[in-house]
1. Do you know which residues across the range 97-124 are in a helix (DSSP H, G or I) and without any contact (Cβ under 8 Å) to a residue 24 or more places away in the chain?
2. One residue is enough: does the range 71-82 have a residue meeting the conditions out of contact with any helix residue (DSSP H, G or I) (no Cβ under 6 Å at 6 or more places or on another chain), surrounded by fewer than 17 Cβ atoms within 10 Å (Cβ to Cβ) and over 16 Å from THR30 (Cβ atoms)?
3. Just the residues that are assigned to a helix (DSSP H, G or I), hydrophobic (A, V, I, L, M, F, W, C) and either in contact (Cβ under 8 Å) with a residue 60 or more places away in the chain or in contact with a Phe, Trp or Tyr (Cβ under 9 Å, 6 or more places away or on another chain) (or both), please, taken from the range 48-83.
4. Provide a single number: the residues in the range 83-110 that are at pLDDT 85 or above, of a type outside the set (Val, Ile, Thr) and surrounded by 13 or more Cβ atoms within 10 Å (Cβ to Cβ).
5. Residue check: is THR18 surrounded by 12 or more Cβ atoms within 10 Å (Cβ to Cβ), modelled with pLDDT under 95, more than 24 Å from LEU180 (Cα to Cα) and not aromatic (Phe, Trp, Tyr)?
6. Using beta carbons and a limit of 8 Å, which pairs, at least six apart or on different chains, have the first residue in the range 140-165 and surrounded by fewer than 19 Cβ atoms within 10 Å (Cβ to Cβ) and the second one assigned to a loop (DSSP other than H, G, I, E, B)?
7. Output the residue which, of all residues in the range 42-70 that are surrounded by 14 or more Cβ atoms within 10 Å (Cβ to Cβ) and within 16 Å of VAL113 (Cβ to Cβ), is farthest from the chain's Cα centre (by Cα).
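The values are calculated or read from the model by the stated rules, or taken from the named source; none is laboratory data. Predicted, not measured: the structure shown is a model, and the values here were computed from it. Reconstructed Cβ throughout: ideal geometry from the backbone, glycine too, with neighbour counts over all protein chains shown.
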Amino acid sequence: METIDPKQELAFIKKIMTDSRKSVICNGKTFILWGILVTIGLIGSYFSIKSNVQSVMNWMWPLLMGLGWVITIITESRSARESKTKTFAAKILASVWIGCGIAMTIIGFVGSVSGAYNPLYINPLISNIMAVGFLITGILYGKTWISLISLGWWAGAIVMFFWTGLYTFLLMSAMMIFFLIIPGVFMFKQYKKELITG
């Protein structure tokens, strides 16, 4: 049985982290896109339920999520073609968010349609997945502030598990803006700055 040298293992991990920092693996565009689409959906859901026209949600969410997936697949495919090198860390990060995205889509659509749980629990469940995604992203990206965003998602999830009223749509909208869109904009600015400085 082949024994692994701890020093080699540590060197491999350090190489992954170095690759992550040298290569821009998260430009924030996808965070901005999904943040905007989901915020529109959440605010739309709030007002449609308030106005007793819940039929709006039957077409609004599939349209928004379908649009999000199509744009994401096109932009990520284009980025992959244009990128000459794809670091191991970048592959891990892409896999993490694809997995999170699929899990959230299943929770949002399949779980609620099947009646497995009250639709009001969709937001806290999704918030938990977002927290895990940000925790891993921060570690791979080498940015503590990104990992700390996960605390906001977890705190929001706890609140929404206890506060299951209609206003959770507004709370989740605020979380999307502060914990997804704004960080995405900040990441994009850093990305542009790194492109200029090389």
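1. If we filter the range 97-124 for residues that are in a helix (DSSP H, G or I), which is where we start, we get 97-114, 119-124.
Within the range 97-124, ILE98, GLY99, ILE102, ILE106, ILE107, VAL110, GLY111, SER112, VAL113, SER114, PRO119, ILE122 qualify.
2. yes
3. Initially, the range 48-83 is screened for residues assigned to a helix (DSSP H, G or I), giving 48-50, 56-82.
This time we only want the ones that are hydrophobic (A, V, I, L, M, F, W, C), so: 49, 56-57, 59-61, 63-65, 67, 69-71, 73-74, 80.
Listed by number, the residues that qualify are ILE49, VAL56, TRP61, MET65.
4. So in the range 83-110, the residues at pLDDT 85 or above come out as 92-110.
Then keep just the ones that are of a type outside the set (Val, Ile, Thr); that gives 93-95, 97, 99-101, 103-104, 108-109.
Add one more test, that the residue is surrounded by 13 or more Cβ atoms within 10 Å (Cβ to Cβ), and what stays is 93-94, 97, 99-101, 103-104, 108-109.
Adding up the residues that qualify gives 10.
5. Working: surrounded by 12 or more Cβ atoms within 10 Å (Cβ to Cβ): yes; modelled with pLDDT under 95: yes; more than 24 Å from LEU180 (Cα to Cα): yes; not aromatic (Phe, Trp, Tyr): yes.
Yes; evaluated as a whole, the condition is true for this residue.
6. Taking only residues 6 or more apart or on different chains, the pairs are THR164/ASN118.
7. Residue satisfying both the conditions and the ranking: MET57.
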